[in-house]
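To keep things clear, I will list the structure first and then write my remarks on it.
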Amino acid sequence: MKHLFIFILIVMNQALWAAPFLNEFDGVRPTGMGNAFIALADDANALWYNPAGLAQIEGAHVNVFNFILGADSSDTLNRIKNALFKGDSDHLVREDKQFLRFNFLPSFIAPHFGVSLFSQTRGYFDLSDLENSGLQAHAFHDQGLIAGGAVSLNDYLSLGISVRAFYRASVELDLTAQEIIDQYGLDALNLVDNIYQELSNRAGHGYGFGLNAGLRIKVPIKSSGKTGPSLFLAATAEDIGNTTFRAMGDSLAPTPIQQSLNFGSALIYPFSKRWQWSFTADVRRVLEPTDVIKLLHLGTELKHSVFGIRAGANQGYLAYGFSIEFPPHTRLHFSSYGVELGNKRWEKEQRWYLLQLNIGFNPN
């Protein structure tokens, strides 16, 4: 397993899409709400979810140390800790299933504008049943910059775009049991011994540019009070025209990112100066030929100026999360959500956990 460890470190450090990752970026606060965030989009996540949301940002926000760690279990975290601090690299990756994620996103967010450097890595490995089910190894690493801007045409309509320029290194390996036998013989352990070479042979390296656009509409609601509810509708187009990559040297080009169309709604009720309750619903990647449950995202959030709690449904599975804020310099977010890895509803759930630490000047 040393070769596999070496491969992961190489990819994570210099540059590590795939079937388990339908979205380019999943924010910690949004995933706690079932990933239904397109119409809410009121913080730095708007750069990724809906750039039109930048029009509602108030004040300047500098996120200096913005770090996200993701894993599938405490066992994975222990394996990472033991590899880093005890030198136990042989047991870093289970011969089972494993999800790893790392993001570093320093950014500057202001009214109508946002920009962020980003380094993000995701890896999903399934070596649980090589002789029967085959193998899945999907991983990517992006390094680049994303910038977005928004304009308010009137009190009810905002439009926005975001552009990202980035380098991607990716591996997409999905072998059936028969393919494993044909390439490595009847002994599936031969694949484990040679997986570093196999992943290296299929790695893609290249540069690409992605374009997202969004709109956000405020629907007038009559209210007798000063702090009545607000209803928002939104739509986004991601990776317009497909995001393709130019290969580096003799390497393969990473797989293009297909364009997608998404719709969202949000009912926001600020029932005091410090309290806000939101209900959100998104239908994401509506052009995908898949079960509607896999496209549906529902969420709710009760937010105070110093903490928040959230819950929802992501692809039919429970999602939940919370945040603690220490104004004006620190925010801590946690979320857990289920992801459908199968081809139909409620077939193959994988639960993931995310933790975000954001330190800066009025971080957002």
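The values are calculated or read from the model by the stated rules, or taken from the named source; none is laboratory data. Keep in mind the model is a prediction, meaning the values are calculated, not measured. We place every Cβ from the backbone using ideal geometry, glycine too, and count neighbours over all the protein chains shown. These accessible areas exclude ligands, DNA and RNA; they are computed on the full protein's heavy atoms, side chains included. Shrake-Rupley method; radii C 1.70, N 1.55, O 1.52, S 1.80 Å.
Scan the stretch 63-72 and tell me whether some residue there is touching a Pro at 6+ places or on another chain (Cβ under 9 Å), among the polar types (S, T, N, Q) and part of a strand (DSSP E or B). Explain how you work it out, then say what you get.
Just the residues of the stretch 63-72 that are touching a Pro at 6+ places or on another chain (Cβ under 9 Å), to begin with: 63-66.
Still in the running and among the polar types (S, T, N, Q): 63, 66.
Still in the list and also part of a strand (DSSP E or B): 63, 66.
Yes.
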Name every residue in the stretch 12-49 that is on the phi > 0 side of the Ramachandran plot and at pLDDT 95 or above, in order of residue number.
G34, N35, A41
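To keep it simple, each residue is scored yes or no on (1) open to solvent by 60 Å² or more (accessible area, probe 1.4 Å); (2) farther than 19 Å from S336 by Cα; (3) at pLDDT 95 or above; (4) touching a helix residue (DSSP H, G or I) at 6+ places or on another chain (Cβ under 6 Å).
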{"residue": "E58", "(1), (2), (3), (4)": "yes, yes, no, no"}
{"residue": "H61", "(1), (2), (3), (4)": "no, yes, yes, no"}
{"residue": "N78", "(1), (2), (3), (4)": "yes, no, no, no"}
{"residue": "L84", "(1), (2), (3), (4)": "yes, yes, no, no"}
{"residue": "D88", "(1), (2), (3), (4)": "no, yes, no, yes"}
Between L40, L77, L47, which is aliphatic (A, V, I, L, M), under 24 Å from P328 (Cα atoms) and outside any loop (DSSP other than H, G, I, E, B)?
L47
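Step by step: first the residues of the stretch 97-135, then only those that are among the β-branched types (V, I, T) and at pLDDT 95 or above, then the one that is farthest from V62 (Cα to Cα). Which residue is that?
Checked the stretch 97-135; the qualifying residue farthest from V62 (Cα to Cα) is V115.
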Pick out the one residue from L287, L298, L357 that is within 22 Å of I68 (Cβ to Cβ) and either of a type outside the set (D, E, K, R) or not in a strand (DSSP E or B) (or both).
L357
